[in-house]
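Since the structure comes first, as structure tokens, the remarks are kept for the end.
The values are calculated or read from the model by the stated rules, or taken from the named source; none is laboratory data. Small disclaimer: the values here were computed from a predicted structure and weren't measured. FYI the Cβ positions are ideal-geometry reconstructions off the backbone, even for glycines, and counts take in every protein chain you see. The protein model used for the area step is the full one, side chains on, heavy atoms only, and it has no ligands, DNA or RNA in it. Shrake-Rupley method; radii C 1.70, N 1.55, O 1.52, S 1.80 Å.
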Amino acid sequence: MPSPAAASAVPGEPVALTRVRRLRADRARQVADVLRAQILRGDYPHRTLPDERALMLEFGESRNTVRDALDLLRCDGLVERQQGVGTLVTAKKYAHGLNRLMGLAETLREHGPITNEVRTAGPITPPRVVAQRLGVPAGEQVIYIERLRRLSGLPLSLDLTYLPSDVGAQLLAEDLVNEDVFALIERTSGRALGTAEIEMEAVNADPHSADVLEIPRGAAMLLLERLSHFDDGRPVDLEYIRFRGDRLTMRAEMRRA
């Protein structure tokens with residue numbers, strides 16, 4: 001992969017390009033980024049990456065740079081290198097779209113069954129900030145639901161959900177093990193969900209979350225806060241969701257206005 005050039009310009013004059021000397025680590029990261037995207041798109045359905053010589057030709061890089069790139073992917077848990085076989089894709093990530101307001105089972109249904117371990121469900125007096133975001137009076141109880149969500153048996157996310165009592169109480173008699181909260185809300189209330197506000201950040205797995213999700217302590221996770229509204233704008237579902245970073249990737253299609 002040829003080294004890029006740095007641009008320097010004087011206003012009103014043509015841009016002058018200067019060749020930049022790049023560290024091998026920078027070039028390896030560049031190769032790893034492209035390979036990671038190919039792996040996540042499913043470009044290697046037979047699980048075997050091209051051999052080192054083919055990757056050297058494709059990226060225009062040295063053998064050591066390619067090996068460093070593969071080591072980065074191995075540290076991410078995406079590939080493993082087997083003597084006499086080559087580099088194999090070992091882990092699959094599942095794309096969670098951000099274009100539509102959908103539950104996890106709706107989003108990932110083509111990948112396998114989603115089941116839920118209900119860790120707790122019932123009324124609580126929420127923290128003040130939770131009450132404010134749901135638009136309920138301070139001191140008024142809400143319904144709290146905590147679930148460990150699995151895809152084909154694999155722990156995928158830990159979901160903490162707060163709902164106003166008039167909406168959430170109806171869910172306690174429903175099938176929280178096999179159904180999405182979104183679908184249950186719409187069916188029991190007879191009302192449609194409309195919009196959601198989402199904030200997402202990368203966090204390290206605390207000891208408890210790591211044990212529940214069966215990942216190493218300190219491993220990368222995606223923490224998503226989502227406040228969903230009915231189609232009339234009323235806030236109805238506040239969630240804090242911890243996703244395994246090694247098994248989920250977020251995707252969206254955006255347009256420049």
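When the solvent-accessible area of the chain is split by element, carbon and sulfur atoms take up 50 percent of it, the probe being 1.4 Å. Couplings 3J(HN,Hα) for the range 179-195, derived from phi with the Karplus relation 6.51 cos²θ - 1.76 cosθ + 1.60 (θ = phi - 60°), are 10, 5, 4, 4, 5, 5, 4, 5, 6, 6, 8, x, 10, 9, 6, x, 10 Hz, where x marks Gly and Pro.
For the chain, modelled as a GNM whose springs connect Cα atoms under 10 angstrom apart, the maximal fluctuation among 161, 120, 107 occurs at 120.
Calculated mean residue ellipticity at 222 nm for the chain: -8000 deg cm²/dmol, from DSSP H runs with n ≥ 4 weighted as -39500 (n - 2.57), summed, divided by the residue count and rounded to 500.
From largest to smallest, the equivalent ellipsoid semi-axes obtained for the chain from the alpha-carbon gyration tensor read 43, 24, 16 Å. Dipole magnitude for the range 135-257: computed about the Cα centre from +1 point charges on Lys and Arg Cβ and -1 point charges on Asp and Glu Cβ, it is near 440 debye.
Given springs between every Cα pair under 10 Å in a Gaussian network model of the chain, which of 23, 158, 73 has the largest fluctuation? Answer for the Gaussian network model of the chain: 23. Dipole magnitude for the range 78-131: about 160 debye, using +1 per Lys or Arg Cβ and -1 per Asp or Glu Cβ, origin at the Cα centre. In a simple Cβ point-charge model (Lys, Arg +1; Asp, Glu -1; nothing else charged), the chain has a dipole of about 1080 debye relative to its Cα centre. Based on every Cα atom in the range 76-120, Rg and the maximum pairwise Cα distance Dmax equal 15.9, 49 Å.
Projecting the Cα positions of 257, 173, 205 onto the charge dipole of the range 166-257 (unit charges on Cβ atoms of Lys, Arg, Asp and Glu, taken about the Cα centre) puts 257 furthest along the positive direction. Counting only heavy atoms of protein chains, what accessible area per residue, in Å², does the chain have with a probe of 1.4 Å? Dividing the accessible area of the chain by its residue count gives 55 Å².
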